[in-house]
Amino acid sequence: MFGIKKWREISMNQRLYGIWLGEVMFCFSGEISEAKVDAWTAAVRRLTLEPGIRPFQRAALRLAEVRYPVVSTAQVRASATERKGLIGRSLEGLALSVQDTWEMLLNWDGAVLTGQQIHAGGEMEFWSKAAQFALDLLLRGKIAPGIKPGTVSGRRRTGQASAQSVWVPSFTAQEDEARFRQLAEAMPPICLAAVQFGSALEEGSVLNRRMTLLYSFLTAMIDNEVRRGNEQLGRNLYPVRARYRRGYSPMTELWWNELLGSGIPSNLQGPVAEISQMIEEITDTGGVPPRDQAQDHKRKSAGSFRLCLRIEPEESGEEELASTDVGNNQMWKLSFWAEGVEDPGCFCLQD
């Protein structure tokens, strides 16, 4: 009897936290005890949202390295080193696919979870609002064709790069960009707790990391829904597809055809220069993701040049060199130069 009572106590009042890992929503309880994690998993798998949605029923078990609280890197460089030195803790949880994440967040109701003895963290409400923002952009057609670096699998050949087609949010309207920035600023700190896959989510100001993470989430939701629509359209998309011929057609035609597909886009592989140029051109056309304006302005305005000292032998005529002992009496000249931070090969002599 005592064992049954103890199990019931463990099974009640479960916690639920969620962080975005770029491709999946990782949900966890924060517990490290195997018994408590098993009880949490069983309780969450039974979770049912209206209208009869069970988002965790097919979720896969996964480990993720999580660190909390998040230390700001916007203050000084030393703090950035300190944050990287923090030791994360591997936690077991459930990884929701993009589709299951989308359905769960659009039907999110904290009261329903409380009624099922599950207490969600405040970040889940934030992700729900972000999903609603993605839905609003979709309904108004505020999306654009985009591109992202491809996934690395196996050994990559030297001089080769890869990219993938992707549908991204479009913030051409000022009110949409303002809403995006407000959401990013309101992001709970726990959302940045994961040891993430890319350096863009580990570097820069806190606001830039929040924007990068939110943009990744919106892109995944939008891309998934557009490709589901492509699947329903089927052959109706054939007239707008490019007639790509391998070895003859430009890479952009293959990229366009991948945008009109319904499954996971394949990697577009080619020389680094060609792939980099294509990414730059498509990104500029589709719109650059919003950034922390204060940090970007600081980077551009401060540190453009640094002071350098240069010491070198003073030029002398051939007669002087012949009549003097070079090792003992040679004259040296000290000069001041401004070196470009962005381009170290740029030097300007300072009088």
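Might you check whether a residue that is in contact with a Lys or Arg (Cβ under 8 Å, 6 or more places away or on another chain), farther than 28 Å from residue 263 by Cα and assigned by TED's automatic domain parsing to the domain that holds residue 24 occurs anywhere in segment 123-133?
So far as segment 123-133 goes, no, none of its residues is in contact with a Lys or Arg (Cβ under 8 Å, 6 or more places away or on another chain), farther than 28 Å from residue 263 by Cα and assigned by TED's automatic domain parsing to the domain that holds residue 24.
Residues that are at pLDDT below 95, of a type in the set (A, V, I, L, M) and closer than 23 Å to residue 119 by Cβ: does segment 71-89 have at least one?
Looking for residues that are at pLDDT below 95, of a type in the set (A, V, I, L, M) and closer than 23 Å to residue 119 by Cβ, one finds none in segment 71-89, hence no.
Among all residue pairs at least 6 apart or on different chains, which show Cβ distances below 8 Å where the first residue, located in segment 256-271, is over 19 Å from residue 243 (Cβ atoms) and the second is surrounded by fewer than 15 Cβ atoms within 10 Å (Cβ to Cβ) and charged (D, E, K, R)?
Note: pairs meeting the criteria are 262/228; 262/231.
When residues of segment 160-203 are filtered for being in a loop (DSSP other than H, G, I, E, B) and either farther than 30 Å from residue 91 by Cα or at pLDDT below 85 (or both), how many remain?
10
The values are calculated or read from the model by the stated rules, or taken from the named source; none is laboratory data. Computed from a prediction, not measured in an experiment: that's the story for all the values here. Glycine gets a Cβ as well: all are built from the backbone with ideal geometry, and neighbour counts include every protein chain shown.
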